[in-house]
Amino acid sequence: MSFEFSGYQQRSERFQQELEAPMEDVLGATAEQAIRESPISSVRRLYELSDAQDSPIRVDAASARQRIKDAGLEGRLTVEDSGIAESALNILMDRKKEEVRRQDILSRAPKGFGSGAKQLGMAFAASALDPINIGLAFVPAVGQARYLRFLAGARGVLGRTAVRAGVGAAEGAVGAAIVEPLIYAAKSQEQADYDMQDSLLNIAFGTVFGGGLHVLGGLAADAGKAVSA
C-alpha cells in the first residue's frame with residue numbers, strides 16, 4: 001500500500017500536474033473537501049484521532065518517521081520524539097494520503113466560469129448535507145422585526161431577493177465564524193494543509209452559503225404564496 005501511494009505521488013509530480021482532471025473527479029474531490037470541513041465531520045474526526053492517541057500500542061519516533069517516508073509523506077507529517085500511538089499514526093497517514101489526492105485533483109481542475117460554477121454548486125450541495133451547516137446559515141444576526149421591515153420596503157422580487165441575500169450573508173458569516181475554531185482544531189490535529197487564509201475562505205463560503213439559502217427559501221415562499229393566492 002505504501003509503495004503504491006509513493007508511486008502515485010511520483011507520477012503526479014512528474015506527469016499529472018500538467019493534465020486536466022476529469023470534471024467528475026473534480027466534483028467528487030470538491031464534495032469530499034466540503035464534507036470534511038463541515039461541523040459534524042470535524043467533530044467525528046477530532047474524536048476518532050483523540051481516541052486513537054490513547055491507544056497503548058505505540059511506535060517509536062524513528063520507526064514512525066520511516067513509515068511516513070516509505071509512504072511518500074516525508075515533510076507532510078511530523079512525529080514527536082516521544083513516538084506516537086500506532087492507530088493514530090495509521091489515521092494520520094490515511095488522511096494525509098486522501099488530502100494529497102484531493103489537492104492533486106483540484107489543482108488540475110478545468111479552468112473557466114462553467115467549471116467554477118459547478119464546483120461551487122457541488123460545495124453548496126455537500127455542505128447542505130450537514131444539518132448544522134443549515135442551522136448556522138440562520139443565526140439571528142439581524143432582528144426579525146427589522147428583517148420584515150426590510151422585506152416590506154423592498155420593491156418586487158429583485159428587491160426582496162437582494163434583502164434576503166444581504167441578511168443571509170450576514171447570518172451565514174456569523175454562523176461560519178462561530179464554528180470555524182472547531183474546524184480549524186480538527187485540521188490542525190490531523191496536520192492538514194490548512195491555515196488562517198483557509199479559515200477566512202471558509203467563513204467567506206459560509207457567507208455565500210447563507211445568502212444562497214435565504215434567497216432560495218424566500219423564492220420558494222413567494223412561489224407558495226402565489227400558488228395559494
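The values are calculated or read from the model by the stated rules, or taken from the named source; none is laboratory data. On a predicted model such as this, the values are computed, not experimentally measured, just so you know. Virtual Cβ from ideal backbone geometry, glycine too; neighbours counted across all protein chains shown. Heads up: the accessible areas ignore ligands, DNA and RNA and are worked out on the full protein's heavy atoms, side chains in. Shrake-Rupley method; radii C 1.70, N 1.55, O 1.52, S 1.80 Å.
Tabulated values for the structure
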| read-out | value |
| --- | --- |
| Convex hull of Cα atoms in the stretch 115-229, direction-averaged projection (nm²) | 8.7 nm² |
| Where labels lie 7 Å past Cα in the beta-carbon direction, separation of residue 148 and residue 117 in nm | 3.7 nm |
| Where Cα atoms sit under 15 Å apart: lysine pairs in the chain separated by 8 or more or lying on different chains | 4 |
| Cα-centred dipole magnitude for the chain, charges only on beta-carbon of K, R (+1) and D, E (-1), debye, nearest 20 | 1120 debye |
| Charge dipole (the chain, unit charges on Cβ, about Cα centre) - positive-most of 150, 197, 114 | 150 |
| Solvent-accessible area, 1.4 Å probe, carbon plus sulfur percent, for the chain | 61 percent |
| Residue-span extension gain [residue 134 to residue 94] - 0.36 nm each, minus C-alpha spacing | 11.5 nm |
| Distance (nanometres) between label positions extended 7 Å along Cα→Cβ at residue 196 and residue 48 | 3.0 nm |
| GNM flexibility winner over the chain from 118, 96, 187 (Cα, springs under 10 Å) | 118 |
| Gain upon complete extension [residue 103, residue 23; 0.36 nm per residue less C-alpha separation] | 27.4 nm |
| Rg ratio (alpha-carbon, reference 2.2 N^0.38 Å) - the stretch 31-167 | 1.56 |
| The chain - accessible surface per residue (Å², probe 1.4 Å) | 56 Å² |
